[in-house]
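The values are calculated or read from the model by the stated rules, or taken from the named source; none is laboratory data. Quick caveat, the model's predicted, so the values are computed rather than measured. Using ideal geometry, Cβ is built from the backbone for each residue, glycine included, and neighbour counts are taken over all protein chains shown.
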């Protein structure tokens, strides 16, 4: 079994990556933890060549990104060039646009556009990736069909890849391991995230290993399937309100795996 490389999703630390100086300081802090791989998401308006130089300075690599779907659609070659500059071949979106979620026809329209982008990316040595939440499992058009069914069944595996988020899969009532297997050979990076439910059933994110998701089972599946990367992500609800504390705790958990 292949052991995955551990990474940090910088969305977790987005408040500390809005300027070149903060981006540098945050990567330096992560480097001291032993982090060498990151996902770039929600960083500030920092030119690609500046990002590249800061990444190189801190001995960091980029395993995947989250970028604007509209940008990819309107200027796919600009997206390609940006990612070539920062040394990343996996270009992702954080979620489908709102207009793509409401009906089977809307999802199919989204798929068509995504695969147009995916074709350009593939021709230039890169891949389009999709990150899930839980809404992809909501029924469409009063049927048994959901968005995830269409994304899995009606997309070209060469053009459409996935960034499965194990916490959102679990929250949707699905077995994350089952979906990692369904996405076999279409995943470069898995998001590890954890959560708990309060008395009203509302979810609250927690550091890895402190919640409801069986992350050890997910890790074993990642190894079995040969998925190259696991990236820790926590949207909010950080320990003592400090995302760096949550990063420290979650990174220690990942190392324990």
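Observations on the structure shown:
For every residue, the table says whether it meets (1) in contact with a strand residue (DSSP E or B) (Cβ under 8 Å, 6 or more places away or on another chain); (2) closer than 29 Å to residue 208 by Cβ; (3) surrounded by 14 or more Cβ atoms within 10 Å (Cβ to Cβ).
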{"site": "42", "(1), (2), (3)": "yes, yes, yes"}
{"site": "68", "(1), (2), (3)": "yes, yes, no"}
{"site": "72", "(1), (2), (3)": "yes, no, yes"}
{"site": "77", "(1), (2), (3)": "no, no, no"}
{"site": "98", "(1), (2), (3)": "no, no, no"}
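- Restricting the stretch 178-210 to residues that are out of contact with any strand residue (DSSP E or B) (no Cβ under 9 Å at 6 or more places or on another chain) and closer than 27 Å to residue 239 by Cβ, the residue that is modelled with the lowest pLDDT: 201
- Which numbered condition residue 118 fails, given (1) within 26 Å of residue 232 (Cα to Cα); (2) in contact with a helix residue (DSSP H, G or I) (Cβ under 9 Å, 6 or more places away or on another chain): (2)
- Evaluating residue 141 against the criteria (1) farther than 21 Å from residue 225 by Cβ; (2) surrounded by 18 or more Cβ atoms within 10 Å (Cβ to Cβ); (3) touching a helix residue (DSSP H, G or I) at 6+ places or on another chain (Cβ under 6 Å) leaves one unmet condition, (2).
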